[in-house]
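What follows is a set of notes on a single structure, which appears directly below.
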Amino acid sequence: MRKLIVCGVGLVAALALTVPGAFGGSAQTPGVTARTITIGGTFPLTGPAASYAPIPVGMKAYFSFINARKSPVDGKRGVYGRQIVWKYYDDGYNPANTAQLSRRLVEQDKVFATVGQLGTEPVLGARAYLNQQKVPQALVSTGASYWGLQYKEYPWTTGWQPDYIAEGRLYGLHLKANHRGKKIAIVYQNDDYGKDYLYGFKAALGKLYVDANVVAQEPVETTATSVGAQMTRVRASGATILAVFQLPTPTVRTLATGKALGFNPEQIYMNSVAAIKPAMDAAVASAGAAYVTGIITIAYAKDPQDSKYDNDAAMKLYRTIIAKYGGGLTANDPQVYYGVAKAETFVQVLYKAGKNLTRAGLQNALLSMNYPNKFLLPGIVQKTSRSDHFIVSQMQLQRFNGTTKLWVPFGKLIEGRPR
């Protein structure tokens, strides 16, 4: 009798290891049980990019909402009855930390996937390892073109927001159409992040136009604490158009330094990554409302600060979520809103991946998207295919009002990467 029991236990164990979905689902898939899906990420809660710290907290609030509500799909709480367990760590925007903490998420926390990891250089610091381990590095919070262009080498990494080359291209096209022949100065972050913007901007202008009109091109290291030398050269260049492609804090420093030096361009272009509420508040305080009024950037998500969305159904839901699950978060912070919008996309993909959740199934879902996200601008469609990994590629230009501290969209949605 004992021999039969032992054989029976062995058979049950073997089935649990070999049959997909045995005992509640995906027993062989790390991070997935019959009742939970464990995911994680790394974010700069401290350091030079700490202004993005609200993003993972916004994601947490949305996952808490999903865990509590009864799904309209099957009436169960969570996603197909599974609760989302969200773990994230502070990497200080340091790629070495990102690599180490990604290993911790995979090897100790046993996550199913990483979601929303932030920063071009930090994501690059973890990309090789996560792809080697075949762990989805999903919906990274950076628009570097790598995520859409290098998918053959790194198939487990996917972006989300519009890529920086496409965004930079829009600024170049607007400049040629509205400020043709004007002298241009460019200040950019001297890394892959800044160079993507630089490439897109100059590609839209064209080589002949760049050669004739770009009179200053100033790189700035991420560790720099001053931009005085660069802005002195910019002022002396005779430029009347300024393009700034940096992180939020350095961007504020560049604008404030330009103001202090008496450099008053007729038009400033600023990348969307830096055009966040804390940075713009600081820019108004340091450079003055008049100096920053008229800055142009792009948008792809609704703005929780803008009263025109007060009666929008998605915005009402967002405010309800933050009030109940935000733990004191400010609902008017677009960074919190960004986190909620990104979490919505991940939940959409989880449903598309199906009940028998696997990492390969998640990747398939990520590469067969064709639906909107209610938190993004009306008309934007998240769309992917095996050969198109750019999830969000539509954008709208907008101008800053330094008095109201609001961005004012203008024109129509523009396809950053025509499909």
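The values are calculated or read from the model by the stated rules, or taken from the named source; none is laboratory data. This one's a predicted model, so the numbers in the text were calculated from it and none came from an experiment. Please note: Cβ atoms are built from the backbone with ideal geometry, for glycine as well, and neighbour counts cover all protein chains shown.
In segment 172-184, is there at least one residue being among the aliphatic types (A, V, I, L, M) and buried (at least 21 other Cβ atoms within 10 Å of the Cβ)? Break it down into steps so the answer makes sense when it comes.
Keep residues of segment 172-184 that are among the aliphatic types (A, V, I, L, M), which gives 173, 175, 177, 184.
Within this subset, residues satisfying the condition of being buried (at least 21 other Cβ atoms within 10 Å of the Cβ) are 175, 184.
Yes; the residues of segment 172-184 include at least one that is among the aliphatic types (A, V, I, L, M) and buried (at least 21 other Cβ atoms within 10 Å of the Cβ).
For LYS202, indicate whether it is part of a helix (DSSP H, G or I), free of Cβ contacts under 8 Å to residues at least 12 places away in the same chain and not assigned by TED's automatic domain parsing to the domain that holds GLU107. Break it down stepwise before answering.
Numbers: part of a helix (DSSP H, G or I): yes; free of Cβ contacts under 8 Å to residues at least 12 places away in the same chain: no; not assigned by TED's automatic domain parsing to the domain that holds GLU107: yes.
No.
Conditions first: (1) touching a Gly at 6+ places or on another chain (Cβ under 9 Å); (2) touching a residue at least 40 places away in the same chain (Cβ under 8 Å); (3) part of a helix (DSSP H, G or I); (4) under 22 Å from THR249 (Cβ atoms). ALA96 passes all but one, so which condition is the exception?
That leaves (2) as the condition not met.
Considering only residues that are in a loop (DSSP other than H, G, I, E, B) and closer than 17 Å to VAL106 by Cα, which ones fall in segment 155-181? First the steps, then the outcome.
Filtering segment 155-181 for residues in a loop (DSSP other than H, G, I, E, B) gives 155-156, 158-163, 179-181.
The answer is TRP156, and nothing else.
Just to be sure I understand, how many residues within segment 364-419 are buried (at least 21 other Cβ atoms within 10 Å of the Cβ), free of Cβ contacts under 8 Å to residues at least 60 places away in the same chain and in the same structural domain as TYR269 (by TED's automatic domain parsing)?
The qualifying residues number 0.
Name the single residue, out of those in segment 113-153 being closer than 23 Å to ILE37 by Cβ and hydroxyl-bearing (Ser, Thr, Tyr), that is surrounded by the fewest Cβ atoms within 10 Å (Cβ to Cβ).
Step one: list which residues in segment 113-153 are closer than 23 Å to ILE37 by Cβ, which gives 113-118, 123, 126-127, 129-141, 147.
Of the ones still in play, those that are also hydroxyl-bearing (Ser, Thr, Tyr) are 114, 129, 141.
On the way: THR114: 28, TYR129: 16, SER141: 26.
It comes out as TYR129.
Identify, please: which residue in segment 319-344 is within 26 Å of GLY402 (Cβ to Cβ) and of a type in the set (Phe, Trp, Tyr) and is, among those, surrounded by the fewest Cβ atoms within 10 Å (Cβ to Cβ)?
Top of the filtered list is TYR338.
Against the condition at pLDDT 95 or above and more than 19 Å from PRO304 (Cβ to Cβ), how does VAL381 come out, does it pass?
yes
Looking at (1) in contact with a helix residue (DSSP H, G or I) (Cβ under 6 Å, 6 or more places away or on another chain); (2) among the hydroxyl-bearing types (Ser, Thr, Tyr); (3) over 16 Å from THR297 (Cα atoms), find the lone condition where THR251 falls short.
THR251 satisfies every listed condition except (3).
Those residues that are out of contact with any Leu (no Cβ under 7 Å at 6 or more places or on another chain) and within 24 Å of VAL273 (Cα to Cα), I need them from segment 98-121; list them, please.
THR98, ALA99, LEU101, GLN117, LEU118, GLY119, THR120, GLU121
Against the condition in contact with a helix residue (DSSP H, G or I) (Cβ under 7 Å, 6 or more places away or on another chain) and either within 23 Å of VAL73 (Cβ to Cβ) or not small (Gly, Ala, Ser) (or both), how does ALA360 come out, does it pass?
Details: in contact with a helix residue (DSSP H, G or I) (Cβ under 7 Å, 6 or more places away or on another chain): no; either within 23 Å of VAL73 (Cβ to Cβ) or not small (Gly, Ala, Ser) (or both): yes.
Against the criterion (in contact with a helix residue (DSSP H, G or I) (Cβ under 7 Å, 6 or more places away or on another chain) and either within 23 Å of VAL73 (Cβ to Cβ) or not small (Gly, Ala, Ser) (or both)), ALA360 does not qualify.
When the residues of segment 99-112 are filtered to those that are touching a Gly at 6+ places or on another chain (Cβ under 6 Å) and under 10 Å from THR42 (Cα atoms), which remaining residue is surrounded by the most Cβ atoms within 10 Å (Cβ to Cβ)?
LEU105
Among what's in segment 70-93 and is among the acidic types (Asp, Glu) and in a loop (DSSP other than H, G, I, E, B), pick the residue that is surrounded by the most Cβ atoms within 10 Å (Cβ to Cβ). Talk me through it step by step, then tell me what you get.
In the first step, residues of segment 70-93 are kept if they are among the acidic types (Asp, Glu); the result is 74, 90-91.
From the residues that got through so far, the ones that are in a loop (DSSP other than H, G, I, E, B) too are 74, 91.
Working: ASP74: 12, ASP91: 28.
Per the criteria, the residue is ASP91.
Report every pair of residues separated by at least 6 positions or lying on different chains whose Cβ atoms are under 6 Å apart, first residue within segment 213-238 and without any contact (Cβ under 8 Å) to a residue 40 or more places away in the chain, second assigned to a loop (DSSP other than H, G, I, E, B) and buried (at least 19 other Cβ atoms within 10 Å of the Cβ).
From segment 213-238, the pairs are VAL215/ALA239; ALA216/ALA239; VAL220/VAL227; ARG235/PHE263.
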